[in-house]
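The values are calculated or read from the model by the stated rules, or taken from the named source; none is laboratory data. A quick note: this is a predicted structure, and the numbers were derived from the prediction, not measured. In this analysis, Cβ positions are derived from the backbone assuming ideal geometry, glycine residues included, and neighbour counts consider all displayed protein chains.
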Amino acid sequence: MSSEIAKPEIKVTPPGPKAREIVGKSHSTLATTTQWLPLVVKRAKGVIVEDVDGNIYYDFAVGVSVLNLGHSHPAVVEAIKRQAELYTHFAGTDFYYEPMLKLGEKLREITPGDWGKKVYFGNSGAEAIEAAIKILRWSTGRRMFIGFIGAFHGRTMGALSLTASKIVHKDRFFPTMPGVVHIPYPDPYRNPWNIDGYEEPEELTKAVINYLEHYVLERFLPPSEVAGVFFEPIQGEGGYVVPPKNFFKELKKLCDEHGILLVDDEIQTGMGRTGKMWGIEHFGVEPDVIAVAKALGGGIPIGATIFRAELDFGVEGAHATTFGGNPVACAAALAVLEVIEREKLVENAARIGEYLGKRLEELREKHEVIGDARGIGLFRAIDIVKDRGTKEPHTELRNEIAMEAFKKGLILLPCGKSAIRVIPPLNVKTEEIDVAMEILEEAFRTLSV
């Protein structure tokens, strides 16, 4: 173990007194959101987070997969400062400036597909999805969409209509946008057909495609009414679910027969997280539209929708937003992309991700409550179950494990019904992986599971 790396250090059992005070005031002042951990950050650098009580943590949640370069990367901080000194805003919806153009050109260059592309900038992943909905309706004249059970595309009303991962997201918000039909995602671990998708990936792919073709498109949803299919190449909030390798090729084949477009949600899988720049690159398919946000801005809010040029509105005012393509956010994003290339972070995510995968599999072998260890690159998760045979989710234990790890200095996030995602920065070191795994192992031992 290298003695040079900084390590977590818990001085006061979290949440400490200062954290408890801020958490209490926040609950009475701020709208209720998710509020997963009572962590109140004071400063952060790289993989290290310090809270207001002086506790030091490893961050293996990175702002919900936003900080792929870690916290406050010097190149991103410098780009933000430099642009802020020039101008902080100039409404790219009505005017022109170079940072937005440069970022658009860069995104056209690095996204899959050698056809003409255009880029729309918003402020978040949900806005990128909303733009994709409007682009498809405008360009195809069709009004229906297909989504997947387990998907998470955002909480604004259009994106929410495509989201299908938790009841709480939709409870009391109906009616959502009409025109969305959901089908099962090809989850190798849990699916309606009880197919072991790890052992029989082709059978799982056939089951989903057959359901879409013969039960949906032939019985109640005319293909000529369907504008597009929205999907995550690897489901995120739904549980970090990796589909069979050939699934998207078969999906595209069916969609191409009916002129149905593919919308690839790379909001969590993009920017090198999976060991390739885009998650869909693992599956050999070129989507018609890509939505990206989260890690694009390195911590500054920005979202982008990259799409085939022939799908463009072509009419001024059909869609726009005041803050989309903010110059400071664009400068930050350009710095993020430059660092990813210069520091070879996509390659590092693939290499270190393989090591992390082995460590998580070793953990699974030791603990019966871990039913599955899955993922690609540094997009990983473990699934906590009551019984490996039934695969029944153990949500309560999952939460206890993550909370115990937090108390010992490791920040993690849940996903799905019973999974814990493990998503360090792309520049994480193997020594830091080892320290994090020791903490996670200690959490299991403390709980005697």
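Structural remarks
Okay, residues lined up against (1) at pLDDT 95 or above; (2) within 22 Å of Glu225 (Cα to Cα); (3) in a helix (DSSP H, G or I):
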site	(1), (2), (3)
Pro243	yes, no, no
Gln268	yes, no, no
Met271	yes, no, no
Ile290	yes, yes, no
Pro301	yes, no, no
Val315	no, no, no
Leu334	yes, no, yes
Asn348	yes, no, yes
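- Note on the range 38-54: residues that are crowded, with 18+ Cβ neighbours inside 10 Å and within 22 Å of Arg421 (Cα to Cα) total 8.
Conditions tested, residue by residue: (1) without any contact (Cβ under 8 Å) to a residue 60 or more places away in the chain; (2) under 23 Å from Gly259 (Cα atoms); (3) within 25 Å of the chain's Cα centre (by Cα).
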{"residue": "Ala79", "(1), (2), (3)": "no, no, yes"}
{"residue": "Lys106", "(1), (2), (3)": "no, no, yes"}
{"residue": "Ala131", "(1), (2), (3)": "no, yes, yes"}
{"residue": "Thr156", "(1), (2), (3)": "yes, no, yes"}
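- Index of the failed condition, Gly259 passing every other in (1) in a helix (DSSP H, G or I); (2) at positive phi; (3) of a type in the set (Gly, Ala, Ser): (1)
- Looking across Pro178, Pro112, Pro186, Pro99, one residue alone is in contact with a strand residue (DSSP E or B) (Cβ under 8 Å, 6 or more places away or on another chain) and either more than 18 Å from Val292 (Cα to Cα) or not hydroxyl-bearing (Ser, Thr, Tyr) (or both). It is Pro112.
- Leu160 being touching a Lys or Arg at 6+ places or on another chain (Cβ under 8 Å), free of Cβ contacts under 8 Å to residues at least 24 places away in the same chain and part of a helix (DSSP H, G or I): yes
- Search result, residues across the range 133-154 that are within 19 Å of the chain's Cα centre (by Cα), part of a loop (DSSP other than H, G, I, E, B) and closer than 21 Å to Cys255 by Cβ: Ile149, Gly150, Ala151, His153
- Scope the range 12-38; condition under 19 Å from Ala405 (Cα atoms) and either in contact with an Asp or Glu (Cβ under 7 Å, 6 or more places away or on another chain) or without any contact (Cβ under 8 Å) to a residue 24 or more places away in the chain (or both); matching residues: Val12, Pro14, Gly16, Ala19, Arg20, Thr34, Gln35
- Filtered residues of the range 418-432 (kept if assigned to a loop (DSSP other than H, G, I, E, B) and among the basic types (Lys, Arg)): Lys429
- As a summary of the residue check, Tyr58 satisfies the conditions (1) within 26 Å of Ile290 (Cβ to Cβ); (2) surrounded by 15 or more Cβ atoms within 10 Å (Cβ to Cβ) except for the one numbered (1).
- Which numbered condition Ala207 misses (of (1) surrounded by fewer than 15 Cβ atoms within 10 Å (Cβ to Cβ); (2) not basic (Lys, Arg); (3) not in a loop (DSSP other than H, G, I, E, B)): (1)
- Cβ separations smaller than 9 Å between residues 6+ apart or across chains give no pair from the range 176-198 residues that are under 17 Å from Ile234 (Cβ atoms) to residues that are at pLDDT below 95 and of a type in the set (A, V, I, L, M).
- Residue pairs whose Cβ atoms lie under 8 Å apart, sitting 6 or more positions apart in sequence or on different chains, and linking a residue in the range 279-308 that is surrounded by fewer than 23 Cβ atoms within 10 Å (Cβ to Cβ) and among the small types (Gly, Ala, Ser) to a partner that is at pLDDT below 95 and assigned to a loop (DSSP other than H, G, I, E, B), do not occur here.
- Only one entry in Lys102, Lys106 is assigned by TED's automatic domain parsing to the domain that holds Ala79, closer than 22 Å to Glu338 by Cβ, at pLDDT 95 or above and surrounded by fewer than 16 Cβ atoms within 10 Å (Cβ to Cβ), namely Lys102.
- Scope the range 213-246; condition over 20 Å from Gly141 (Cα atoms), in contact with a Leu (Cβ under 9 Å, 6 or more places away or on another chain) and buried (at least 24 other Cβ atoms within 10 Å of the Cβ); matching residues: Phe231, Pro243
- Failed item in (1) on the phi > 0 side of the Ramachandran plot; (2) touching a Lys or Arg at 6+ places or on another chain (Cβ under 6 Å); (3) not polar (S, T, N, Q), with Val52 passing the rest: (1)
- Qualifying residues in the range 369-407 (those that are under 27 Å from Arg351 (Cα atoms) and of a type in the set (Asp, Glu)) - the one surrounded by the most Cβ atoms within 10 Å (Cβ to Cβ): Asp383
- Number of positions in the range 210-219 that are touching a residue at least 12 places away in the same chain (Cβ under 8 Å) and part of a loop (DSSP other than H, G, I, E, B): 1
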